[in-house]
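The values are calculated or read from the model by the stated rules, or taken from the named source; none is laboratory data. Not measured: the values here are computed from a predicted model. Counting neighbours? That spans all protein chains shown, and the Cβs are built from the backbone with ideal geometry, glycine included.
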Amino acid sequence: MSWLPWLQLALPLFLLLMGLVVGRMLERRHYASIRQREKAMARVQVFATRFPPSVGQPQQAFLVSGAVVISSDYFKAFVAGLRQIFGGNFRGYETLMERARREAVLRLKADALRQGCELVVGLRFESSRIAGSSTPCMEVLAYGTALRPVSTAD
């Protein structure tokens, strides 16, 4: 009896299992990093509204942005291929997009802080799929207008 057919079956299953384990571990680590940085940048307020909340003094405006390119792991891509057969939502890609949006907003907040701003209005998102990759890759861009009070010395 040859062990080669068993190896041909076991190796792809092993690789899928490793993709699941490593992918989840990296995703948890990224979420922990996101939560930690969100707490650190909580003072930067971001609004999707066009106009700022009532501000009593003149403001300088700056364009700020944050971009991220994020990729799925092979296990999620494999399961998504199966999901296409049956249809329905695929939570794995939904969490991927959520991580990308949150990361883009964190990078936007860091850009605002670099310019001395703690208020961003007009938050918008753009997303695109990056073609040519064997696993799904997407870019998310967050942009808005950062406002900084004009000091009397300016």
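Tabulated values for the structure
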item	result
Yes/no for T152 being modelled with pLDDT under 80, β-branched (V, I, T) and in contact with a strand residue (DSSP E or B) (Cβ under 7 Å, 6 or more places away or on another chain)	no
Enumeration of residues in the range 26-56 that are without any contact (Cβ under 8 Å) to a residue 12 or more places away in the chain, among the charged types (D, E, K, R) and not in a helix (DSSP H, G or I)	none
Test set (1) assigned to a helix (DSSP H, G or I); (2) of a type outside the set (A, V, I, L, M); (3) at pLDDT 80 or above - K76 fails condition number	(3)
Residue within the range 100-119 that is in a helix (DSSP H, G or I), aliphatic (A, V, I, L, M), modelled with pLDDT of 75 or more and within 21 Å of G56 (Cα to Cα) present	yes
Among residues of the range 48-65, those that are within 23 Å of the chain's Cα centre (by Cα) and surrounded by 16 or more Cβ atoms within 10 Å (Cβ to Cβ), counted	3
Where I85 falls short, out of the listed (1) crowded, with 17+ Cβ neighbours inside 10 Å; (2) part of a helix (DSSP H, G or I); (3) of a type in the set (V, I, T); (4) at pLDDT below 95	(1)
